[in-house]
Amino acid sequence: MNTNNFMRLIVMFDLPVVEKEDRRNAAHFRQFLIKNGYIMLQYSVYYRIVNGLDMAKKHEKKLKNVVPHKGSIRVLRITEKQFNSMKILAGYKSDNENKINSNLLTKF
């Protein structure tokens, strides 16, 4: 299968959790990520596989609609090849990383 169109959206965030409302907002944002198919790579770093630039833009737009007003949230688009070339300097791949990759996806 040709996986050239697949990309990863990586969402990195640093949200305040001192105030009760901030904790609620941070939890809501993480829940949104999980419900929308994002997988935790590391604490406060989530990723999602998308099929092409149009799908990446669609998900970025969804993210913009739910970001809390406080904190820092960044999104990075990378190709599947770039993601697979990531080096692990300490630790190991999570079970989710081993189970989920673009080779298992079907393009329509």
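Things worth noting here:
- Considering only the Cα atoms of the chain, their convex hull presents on average a projected area of 7.5 nm².
- When you filter the chymotrypsin sites (Phe, Trp or Tyr not before Pro) in segment 1-98 for DSSP loop state and at most 10 other Cβ atoms inside 10 Å of their Cβ, you are left with Tyr43, Tyr92.
- Seen against the Cα atoms of the chain and their longest principal axis, helix 53-64 is set at about 10 degrees.
- Rounded to the nearest 10 degrees, the angle from helix 20-35 to the longest Cα principal axis of the chain is 20 degrees.
- Relative contact order (percent, whole number), the chain, Cα cutoff 8 Å, 6+ residue spacing: 42
- About its Cα centre, the dipole of the chain is roughly 240 debye, where the only charges are +1 on Lys and Arg Cβ and -1 on Asp and Glu Cβ.
- Taking a straight line from the alpha carbon of Lys64, these aspartates and glutamates sit under 16 Å away, with near neighbours fewer than eight places off in the same chain left out: Asp14, Asp54.
- Violating pairs (Cα-Cα greater than 29 angstrom) within the set Lys20/Lys87; Lys20/Lys58; Lys20/Lys62; Lys61/Lys81; Lys35/Lys70; Lys20/Lys57: Lys20/Lys87; Lys20/Lys58; Lys20/Lys57
- In segment 6-104, taking the dipole from charged Cβ atoms about the Cα centre, the farthest positive-side position among Ala56, Ile73, Met12 is held by Ala56.
We did not get these values from a lab; they are worked out from the coordinates using the rules stated. In this text the structure is predicted, and so the values were computed from the model without any measurement. Glycine also receives a Cβ, built like all others from the backbone with ideal geometry; neighbour counts cover every protein chain displayed.
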